[in-house]
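Input: a single structure, listed below in structure tokens.
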Amino acid sequence: MRLTVVLQVLLLAAAGAADMAADSPVRFPKEGALPAKHPPDRPAGRNEATEDGYYIFRTPERSLAQIAAIQAEMPAGSFTPPPNDWAHLARTRRILTEGGELRLLALGDSIVNDTMRSGWVAKLGEAYPKAAIAATVYVRGGGGCQHYKEAGRIAAEVVPRAPDLVFIGGISQKDTESIRAVIGQLRAALPAVEILLGTGAFGAVDPRDAEALAKAPHSGTGAYGAALAKLAAEERCAFLDMTSPWAEYIRSSKLHPHLFYRDAVHANEHGEQILAKIMMAFWTQPAAAPPRPVTVACYYFGNYHPGDPRNAKRKGKDWSEWELVKNARPRFPGHAQPKVPLWGYEDESDPSAMARKIDAAADHGIDAFIFDWYYYDDGPFLDRPIDRGFLAAPNNGRIKFALMWANHDWWEIHPYRRGTPYEVVYPGKVTPETFATICDLVIARYFSHASYWRIDGRPYFSFYDLTTLLENFGSAAATRAALDAFRAKARDAGLPGLHLNAVVWGQPILPEEKKPADAAALVRDLGFDSVTSYVWVHHVPLPEQVTDYNAVRDAYFEYWEKARAMFGAPYFPNASMGWDSSPRAAQEDPFDNSGYPFTNTIGNNTPENFARALELTRERLRARPAGTRVLTINCWNEWTEGSYLEPDTVNGMRYLEAVKAVFPPAVEP
């Protein structure tokens, strides 16, 4: 069958780029830009646009023979092929491979016009011989969706051509919301249309300067690229980063960029062929296997319910840590306290309250709760949110759960008076006999539950404090024997084994915490299956009373890189929502950085910055696809440490929505 592709590309006039030319890093030789050797041998023909300043031409404008001649003469270079996004181009791919009529529309500026003039559509027809491809370019000087969304232009010029595929790109898009508006207009009139969003290439930025390139307003390597990729995910569009392969090609050529420009902004015929190569690399890749999913596991701290026997004995029958949340006050200028939960000060041990948490977590892409689980020589602590809440909730099949044994000392810090001795209420160190009891208990009560989280079939169980674990048994050898016995008990109970995880930190937080002298050696000697972190501040100091969230993120990422090579086990990265332990500090005491809970805080941890941290984490995980991919998040409800996803009265569900946008939940059957 004949494939007719009507490609309409928005042409940017040269005058529209004059403001960028003055700042262009490209410096041409005295004789000026290289002259064109190969004028298009298939001229575009008449302008079909109905509005002054807009242009509609048919394309491709080059034959296969001319394209081959130009590519044979152009400077050599290379780039990493951009990933294809066939999932959002299924209909287009079916027509290309099986035949049929396809109409393609490209919307953008002169950079998009240069892309189309390269003749890549002719190459596409060569790659898919069942398709006969005809393309149309629809352009405006300096054109972006901020123009096309106005004055009924989509309805007048685009909809009558009934495109099946729309390509939106260039360097003149001013904002992603205008692109979203155009997408909405297209889909309102053409519900089946498929859309490809592309970042910019060329323009007045030096491709050899990675830092400057990332700051360019059209760059796929900076904020615009992240915003466009996010928009593509939200609107179910395909995404193509043209910036990275374009810059990589020019850098790899080891030549001055002027060899690829016809003026200070636009590509010459050699530069156009870089764009053609990028498009063909995108369109001719086989459909990739879906990336191994990332399991998103969120820590859960269960001290927000009345009636715990230990709390009732020390603080009264109705006390919970909600009291510290209610009593928190601003401690310095701009300090946002108290935090007020949108759902109220609910009892998490109530199955109906827990059911709401489960639904919210599952609906927003969280796969598992990792409960902070306490057990001392004299028995359990804070187990009611699990036993009475989660396990009794009617919807607990919607999300997995696991345990992190929070085997640290429990101090009287609720609240803590500055300068007073730290009182250890419940020592974290237990006897070997108590540890054996713990093993029997978790195997019998939790590991067999249908919702217990497993990795490769083995229940996940995490240890918070390796130093205290070692103290239980007196030596690494004895501790390893105890863990081996734990694994053996699990196998005897019919389980395929255990996935034992170690929480490791480099910077203690809580009173009297001690980091292991050689955590990496201890992880190897004890045979842990994986390593993770509880919170960013376990690895990153906070030098300012309000330390910027993004600075902490970047410093944690540096630790992540070290951790990947440090341990002889997989490292599961962490994303933290924030840090502010001031609710646990006596409110009448001056607030300084004198020791937990009097610590510096993390600020600027907006939902948008949290989402960006998740995006960067996702891309790092995808770049290393081997093995199990897990992300731990701090935290579902560390309200008194300023790190929680639960909705409050200021941000509502926006932190949960950030998780959902980056890690969309699987569709339930």
Inset, instruction - Would you mind telling me which numbered condition in (1) over 20 Å from Val159 (Cβ atoms); (2) surrounded by 21 or more Cβ atoms within 10 Å (Cβ to Cβ) Thr136 fails? - result: (1)
Inset, instruction - Look through region 578-597, keep the residues that are outside any loop (DSSP other than H, G, I, E, B) and closer than 19 Å to Trp410 by Cβ, and return whichever of them is modelled with the lowest pLDDT. - result: Gly595
Inset, instruction - Go through (1) surrounded by 20 or more Cβ atoms within 10 Å (Cβ to Cβ); (2) more than 25 Å from Val503 (Cα to Cα) one by one and return the number of the condition Asp359 breaks. - result: (1)
Inset, instruction - Starting from region 402-425, take each residue that is closer than 27 Å to Asp387 by Cα and list its partners that are open to solvent by 60 Å² or more (accessible area, probe 1.4 Å) and among the aromatic types (Phe, Trp, Tyr), counting only C-beta distances under 9 angstrom and pairs at least six apart or across chains. - result: Asp409/Tyr422; Trp411/Tyr422; Glu412/Tyr422; Ile413/Tyr422
Inset, instruction - Go through region 614-645 and give me each residue that's on the phi > 0 side of the Ramachandran plot and open to solvent by 20 Å² or more (accessible area, probe 1.4 Å). - result: Gly627
Legend entry - Set Gly419, Gly457, Gly397, Gly365: member being buried (at least 19 other Cβ atoms within 10 Å of the Cβ) and among the small types (Gly, Ala, Ser): Gly365
Legend entry - Qualifying residue in region 343-350 (condition: buried (at least 22 other Cβ atoms within 10 Å of the Cβ) and more than 32 Å from the chain's Cα centre (by Cα)): no
Inset, instruction - State which residue pairs qualify: first residue in contact (Cβ under 8 Å) with a residue 24 or more places away in the chain and inside region 167-189, second residue among the acidic types (Asp, Glu) and buried (at least 24 other Cβ atoms within 10 Å of the Cβ) in any location, beta carbons under 9 Å apart, and separation of 6 or more residues or different chains. - result: Gly169/Asp109; Gly170/Asp109; Ile171/Asp109; Ser172/Asp109; Gln173/Asp109
Inset, instruction - Say whether the condition of being in a helix (DSSP H, G or I) and within 17 Å of Ile111 (Cα to Cα) is met by at least one residue in region 290-313. - result: no
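Yes/no per residue for (1) assigned to a helix (DSSP H, G or I); (2) touching a strand residue (DSSP E or B) at 6+ places or on another chain (Cβ under 9 Å); (3) within 16 Å of Ala575 (Cα to Cα):
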| position | (1), (2), (3) |
| --- | --- |
| Thr628 | no, yes, no |
| Thr640 | yes, no, no |
| Tyr655 | yes, yes, yes |
| Ala658 | yes, no, yes |
| Ala666 | no, no, no |
Inset, instruction - Could you please give the count of residues in region 214-231 that are assigned to a loop (DSSP other than H, G, I, E, B) and either farther than 26 Å from Ala611 by Cα or open to solvent by 50 Å² or more (accessible area, probe 1.4 Å) (or both)? - result: 2
Inset, instruction - Inspect region 431-451 for any residue being of a type in the set (D, E, K, R), within 21 Å of Tyr571 (Cβ to Cβ) and in contact with a helix residue (DSSP H, G or I) (Cβ under 9 Å, 6 or more places away or on another chain) and give the result as yes or no. - result: no
Inset, instruction - Inspect region 379-393 for any residue being farther than 16 Å from Asn634 by Cα, in contact with a helix residue (DSSP H, G or I) (Cβ under 6 Å, 6 or more places away or on another chain), in a strand (DSSP E or B) and open to solvent by less than 30 Å² (accessible area, probe 1.4 Å) and give the result as yes or no. - result: yes
Legend entry - Condition met for Leu259 (part of a helix (DSSP H, G or I), in contact with a Leu (Cβ under 8 Å, 6 or more places away or on another chain) and within 30 Å of Pro665 (Cα to Cα)): no
Inset, instruction - Would you mind telling me which numbered condition in (1) open to solvent by 50 Å² or more (accessible area, probe 1.4 Å); (2) modelled with pLDDT of 90 or more Asn113 fails? - result: (1)
Legend entry - Hey, Glu234 acidic (Asp, Glu), more than 22 Å from the chain's Cα centre (by Cα) and under 19 Å from Asp85 (Cβ atoms) or not: no
Inset, instruction - Inspect region 310-319 for any residue being under 29 Å from Ser533 (Cβ atoms) and surrounded by fewer than 23 Cβ atoms within 10 Å (Cβ to Cβ) and give the result as yes or no. - result: yes
Inset, instruction - Using the structure shown, decide if Ser475 is of a type outside the set (Phe, Trp, Tyr), closer than 19 Å to Tyr375 by Cα and out of contact with any helix residue (DSSP H, G or I) (no Cβ under 6 Å at 6 or more places or on another chain). - result: no
Inset, instruction - Please work out which residue is most open to solvent (accessible area, probe 1.4 Å), limiting yourself to region 177-204 and to residues that are of a type in the set (D, E, K, R) and more than 23 Å from the chain's Cα centre (by Cα). - result: Arg187
Inset, instruction - Output yes when any residue across region 150-173 is surrounded by 23 or more Cβ atoms within 10 Å (Cβ to Cβ), among the small types (Gly, Ala, Ser) and closer than 17 Å to Met279 by Cβ, and no when none is. - result: yes
Inset, instruction - Considering (1) of a type in the set (Gly, Ala, Ser); (2) more than 23 Å from Ala69 (Cα to Cα); (3) part of a helix (DSSP H, G or I); (4) open to solvent by 10 Å² or more (accessible area, probe 1.4 Å), say which one Ser252 fails and leave the rest. - result: (2)
Legend entry - Number of positions in region 249-271 that are acidic (Asp, Glu) and either over 25 Å from Phe167 (Cα atoms) or touching a His at 6+ places or on another chain (Cβ under 9 Å) (or both): 1
Inset, instruction - Check Phe557, Phe598, Phe610 and return the single one that is in contact with a Lys or Arg (Cβ under 6 Å, 6 or more places away or on another chain) and either within 27 Å of Asn651 (Cα to Cα) or among the β-branched types (Val, Ile, Thr) (or both). - result: Phe598
Inset, instruction - With a cut-off of at least 3 residues that are closer than 17 Å to Leu196 by Cβ and over 34 Å from the mean Cα position of the chain (by Cα), name the helices (runs of 4 or more DSSP H) lying wholly within region 100-176. - result: none
Inset, instruction - Tell me, please, whether a residue that is of a type outside the set (S, T, N, Q), within 33 Å of the chain's Cα centre (by Cα) and in a loop (DSSP other than H, G, I, E, B) can be found in region 272-287. - result: yes
Inset, instruction - Only residues that are of a type in the set (Gly, Ala, Ser) and not in a strand (DSSP E or B): list them for region 347-378, please. - result: Ser349, Ser352, Ala353, Ala355, Ala360, Ala361, Ala362, Gly365
Inset, instruction - Mind listing whichever residues of region 83-99 are in contact with a helix residue (DSSP H, G or I) (Cβ under 9 Å, 6 or more places away or on another chain) and in a helix (DSSP H, G or I)? - result: Trp86, His88, Thr92, Arg93, Leu96
Legend entry - Filter result for the condition that a residue is open to solvent by 40 Å² or more (accessible area, probe 1.4 Å), outside any strand (DSSP E or B) and touching a residue at least 40 places away in the same chain (Cβ under 8 Å), over Glu234, Glu211: Glu234
Inset, instruction - Restricting attention to region 43-86, report how many residues are touching a Gly at 6+ places or on another chain (Cβ under 8 Å) and open to solvent by 60 Å² or more (accessible area, probe 1.4 Å). - result: 2
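The values are calculated or read from the model by the stated rules, or taken from the named source; none is laboratory data. This one's a predicted model, so the numbers in the text were calculated from it and none came from an experiment. Because the Cβ atoms are built from the backbone with ideal geometry, glycine has one as well, and the counts that use them run over all protein chains shown. Surface accessibility is based on the protein's heavy atoms, side chains included, excluding ligands, DNA and RNA. Shrake-Rupley method; radii C 1.70, N 1.55, O 1.52, S 1.80 Å.
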